[in-house]
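Nothing in this text is a laboratory measurement; each read-out follows from the coordinates by a stated rule. Owing to the predicted nature of the structure, the values given are computational and were not obtained by experimental measurement. Positions of Cβ are generated from backbone atoms using ideal geometry, with glycine treated the same way; all protein chains shown enter the neighbour counts.
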Amino acid sequence: MSAEQILEHKEQKLLRLAAAELAMVRRRAKELARIGRALGQIATVAGLDDGRKVRQARAVLAQSSAEPAPAPLAWGPVLAALDEEQEERLAQLRVAFGRQLTEAACAAGLACERVSAAPLEFALPPLTATVDLERARATLCYARLPLGEVPARPERILAAQQKHVKALQSGWAPETFFDALREAYAAVLKKEGRPEGERVVLVDLLAPLAFAAQSRKFWADPVAENFRPYGRARLAWDLACLRRSGLLQRVGWRLSLGVATGESTRRKQDVLYVEECAGHGQYYLSAWFAPAPEAHT
């Protein structure tokens, strides 16, 4: 059977079960409403004054007491059919959404590839988009770090992708970043009273780098609205660009990155994922500078 036929079969099974249960519930609701009116008649002093209605209420209650107790409500079959139908419906929605997003990306000149079905994730290089169709939201990420959330509509996802990529690309040139990173490393060593050449935790470089990234406007008036954010995603981007440019050695210094292994990779707050190419990368824990064998400017 085709996907549409499978969904229709499960849908019809659910509809039959639900209709049968609905008829039973309506019958039971009608009977409970009749009992409720009888109880209402004898629940007030004014009601007890009307002997005829009291006798009618008593007859209703006596009859309901004599009848066999109704079977307990059991929704197992309905719930199972509902889960099957919704799972199939969601699977087809994912396929349809993937087709719409891919077509929209192609029209915009962007690459798009589905990475996984559950969770529904797409590669929109250099970013990824994780789509939650039940919440109708999509989260865009770079280097496994969330950049923002938008409605799960192809045009909104692609617009956000282009906005975030433009923001990432607006930072330092590799040479400038190398120098800023070297200064941040020196600042951390000085603060901790440690000698040149020792390893520092990579994410400890974020604070001095963030201040180095500020514009003259911030330094003239250092208030929140003048602050230019520089977070983990920007650092991961700048490191990836630096590696791709081959500029790990400059002005007499060589940068080295220490790979995160074992337990450290599970402490995500202490490590940073640096992409080597779309969808592939490695977690790094530390960084250090050492004198280079030869100076490159």
(message) Give me the net charge for the shell around residue 64: Cβ to Cβ below 14 angstrom, other residues only, Lys and Arg +1, Asp and Glu -1.
(response) +4
(request) Under 14 Å from the Cβ of residue 199, count the other residues' Cβ atoms, weight Lys and Arg +1, Asp and Glu -1, and hand me the total. (result) -3
(message) Explain nothing, just the number: dipole magnitude of segment 97-169 about its Cα centre with +1 on each Lys and Arg Cβ and -1 on each Asp and Glu Cβ, in debye rounded to the nearest 20.
(response) 160
(request) Treating only the Cβ atoms of Lys and Arg (+1) and Asp and Glu (-1) as charged, compute the dipole magnitude of segment 61-189 about its Cα centre; round to the nearest 20 debye. (result) 480
(request) State the Cα centre-to-centre distance between segment 185-200 and segment 3-46 in whole Å. (result) 72
(request) Kindly identify segment 3-74 as rounded, prolate or oblate by the Cα gyration tensor criterion: order the square roots of the eigenvalues as a ≥ b ≥ c, call it rounded if a/c is under 1.5, otherwise compare a/b with b/c, prolate if a/b is larger, else oblate. (result) prolate
(message) Given the -39500 (n - 2.57) contribution per DSSP H run of 4+ residues, what per-residue ellipticity at 222 nm results for the chain, rounded to the nearest 500 deg cm²/dmol?
(response) -17000 deg cm²/dmol
(request) Quick one: divide the alpha-carbon radius of gyration of the chain by 2.2 N^0.38 Å and tell me what you get. (result) 1.71
(request) Would you check the chain for Lys pairs whose C-alpha atoms are within less than 27 Å, ignoring same-chain pairs closer than 8 in sequence, and give me the count? (result) 9
(request) Lys and Arg at +1, Asp and Glu at -1: add these up for the other residues within a Cβ distance under 14 Å of residue 285 and post the number. (result) +1
(request) Answer with one residue from 258, 224, 284: the one whose Cα lies farthest towards the positive end of the charge dipole of the chain, charges on Cβ with Lys, Arg +1 and Asp, Glu -1. (result) 224
(request) Using θ = phi - 60° and the Karplus relation 6.51 cos²θ - 1.76 cosθ + 1.60, list the HN-Hα couplings for segment 147-162 in order, rounded to whole Hz, with x at every Gly or Pro. (result) 9, x, 10, 9, x, 7, 10, x, 5, 6, 5, 5, 5, 5, 4, 5
